[in-house]
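FYI, it's all coordinate maths here, none of it is from the lab. Here the structure is a predicted model, which means the values were calculated and not measured. All Cβ positions, even for glycine, are placed from backbone atoms using ideal geometry, and neighbour counts span all protein chains on display.
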């Protein structure tokens, strides 16, 4: 038994190194190159629901006097990925992305050609929980879609969102959450998250972002949110169907 110990230790070390390398190198590439087709399918199915959710952005007035004169907004999107939400933003918007995955940077600026109505200001590689490059009270609109499932701390991300929002600014969120009705789906979400899903995709299927947002609404004048299900017929998407969408006003 003792003779096997060195081999077990070496094997464990190799596994740990592979996991560490995967999470920091291969996983971001996987998301930017391989996972995109799935995101595209998701966007097509949810497009009209998302359009209605973001519709009120166009009525918002910027806290910046110069931008207000131009009818423009300063928008920050956390984790925009390939930029499927850009089509929903009003003309003249100045857009900043905070994205943990550096492989999306090229796609971010390529989207300028597809969405000339908005200005791609800058791409910040960083975490939602630590947006130190974004000044306090400087953003009119913050957007996150399918992001809170992968952050290290939902509470930390929400704290940063509140910090960067200007007074009267709005946080638009759209997130998949833990199943709220069917026990067997919740069970699968738990098992998948704790075995392989978080490791491979960097995503927690069982995260209760809706409840965490409700518990961290201090500092907002209002928080309006709604649970819903995405309109997928494919049964594989049943484990992602529980969602929450909402608008928090500072």
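For the stretch 205-250, just list the percent of Cα-Cα distances falling in each 10 Å bin from zero outward, please.
Spelled out per bin, shortest first, that is 24, 45, 23, 8.
Full extension from residue 92 to residue 138: what is 0.36 nm times the residue separation minus their Cα-Cα distance, to one decimal in nm?
Between residue 92 and residue 138, full extension yields 14.9 nm more.
Using a Förster distance of 25 Å, how high is the FRET efficiency between residue 183 and residue 43, based on the Cβ-Cβ distance and rounded to 0.05?
0.25
Based on the mean of other beta carbon atoms within 10 Å per residue, what is the order of 218-225, 81-88, most packed first?
81-88, 218-225
How much length, in nm to one decimal, is gained on full extension between residue 159 and residue 249, taken as 0.36 nm per residue of separation minus their Cα-Cα distance?
31.0 nm is the gain from fully extending residue 159 to residue 249.
So between residue 199 and residue 102, what do we pick up on full extension, going 0.36 nm a residue minus the alpha carbon distance?
Additional length available on full extension: 33.1 nm.
If R0 is 35 Å, what FRET efficiency do you get for residue 224 and residue 109 from their C-beta distance, rounded to 0.05?
Values: r = 33 Å, r/R0 = 0.95.
The computed FRET efficiency comes out at 0.60.
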